[in-house]
Amino acid sequence: MKSQDRTSDPFLLQTWKLTKLDNYIYTYEKQNIFNAKSPGLKFSKNGKIIGNLSKSANGYDTKEDFPGKASKLERYVGNWKKVSDTTIAIVFSSNNSMDGTFVISRLTESGLKLRKVFSADIEKKLDSIRRTKSISY
């Protein structure tokens, strides 16, 4: 059976508000307008992407780093491209907080879930973290 091509799904080409961030899994819900006070993404057909992203150089890397009301959000223009039927690559030249390769793990008319992809070593560590939900050094 052929896998569904989520990267070509017209549902992707919408405006998305970040609602949850948990161990490099980004959960978005559809929003009708791009709210300057909420983190989010807007995918365009031409490979362009607009991101309402935190000015932080660290980006949104942990649950504690979720951009809240105190975060200064700015609008950035970047590019996205299809890597496979379920994977996209995103690049923002002036803000690297959302740069990377992402698997589209869920895509509906009203919801989008992206999981950041890392090297095999890092993925193994993240899977362990996701299972235990506790980080120890």
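No value in this document is a laboratory result; all are computed from the given coordinates. Only a predicted model underlies this, so the values are computations on that prediction, with no experimental measurement involved. Methodologically, a virtual Cβ is constructed for each residue, glycine included, from the backbone with ideal geometry; neighbour enumeration extends over all protein chains shown.
Taking every pair of distinct Cα atoms and averaging 1/r, then inverting, what Kirkwood hydrodynamic radius in Å comes out for segment 6-132? This gives a value of 14.7 Å. One quarter of the surface of the convex hull around the alpha-carbon atoms of segment 90-131 equals 4.0 nm², the direction-averaged projected area. When the pairs 20/125; 17/125; 20/81; 37/125; 48/72 are compared against a 26 Å limit on Cα-Cα distance, 17/125; 37/125 fall above it. Label-to-label distance, residue 33 versus residue 124, with points set 7 angstrom from Cα along the beta-carbon direction: 5.0 nm.
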